[in-house]
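Accompanying notes for the structure given below.
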Amino acid sequence: MIKFHDPRGRVGTEIDVYELAHDIRANNGSGVTVGLLANGFPDSEVFMTKIASALHERLPNIKTRLWNKGNAGIPANDKLLAEITSSCQVAISAYGH
């Protein structure tokens, strides 16, 4: 008889289920501005521009705004974050290496 071992570990923390605050699909994105934050790595701004293009293709009424924090080695400063949160309902941040 073959016995299978499930390699997945047990989750040590409780899963925090959340609901999205905004449905960006409503009215093809009308009334929603998505903030795109490039992390400062080379081509991160190009990558976020491609994200914006994909969003516009799928949701023609959506608005996007792009920021670049300029240095991948430091966190976004409070002024930049305040500008994003005051003008956008949704934000996408690029990170990586």
| task | Could you please let me know if Asp78 is at pLDDT below 95, open to solvent by 30 Å² or more (accessible area, probe 1.4 Å) and out of contact with any strand residue (DSSP E or B) (no Cβ under 6 Å at 6 or more places or on another chain)? | result | no
| field | Flag if Ala52 is modelled with pLDDT under 95, touching a Leu at 6+ places or on another chain (Cβ under 7 Å) and small (Gly, Ala, Ser) | value | no
| note | Flagged in the range 60-75 as modelled with pLDDT of 95 or more and of a type in the set (A, V, I, L, M), in numbering order, are Ile62, Leu66
| query | Does at least one position in the range 8-18 carry a residue that is under 13 Å from the mean Cα position of the chain (by Cα), open to solvent by 100 Å² or more (accessible area, probe 1.4 Å) and closer than 24 Å to Ser87 by Cα? | reply | no
| field | Subset of the range 27-42 (residues that are more than 17 Å from Ala76 (Cα to Cα), surrounded by fewer than 16 Cβ atoms within 10 Å (Cβ to Cβ) and not hydroxyl-bearing (Ser, Thr, Tyr)) | value | Asn27, Asn28, Gly31
| query | Are any residues in the range 55-97 over 22 Å from Phe41 (Cα atoms), under 15 Å from the mean Cα position of the chain (by Cα) and part of a loop (DSSP other than H, G, I, E, B), and if so, which ones? | reply | Ile62, Cys88, Gln89
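The values are calculated or read from the model by the stated rules, or taken from the named source; none is laboratory data. Small disclaimer: the values here were computed from a predicted structure and weren't measured. Positions of Cβ are generated from backbone atoms using ideal geometry, with glycine treated the same way; all protein chains shown enter the neighbour counts. For accessibility, only protein heavy atoms count, side chains too; no ligands or nucleic acids. Shrake-Rupley method; radii C 1.70, N 1.55, O 1.52, S 1.80 Å.
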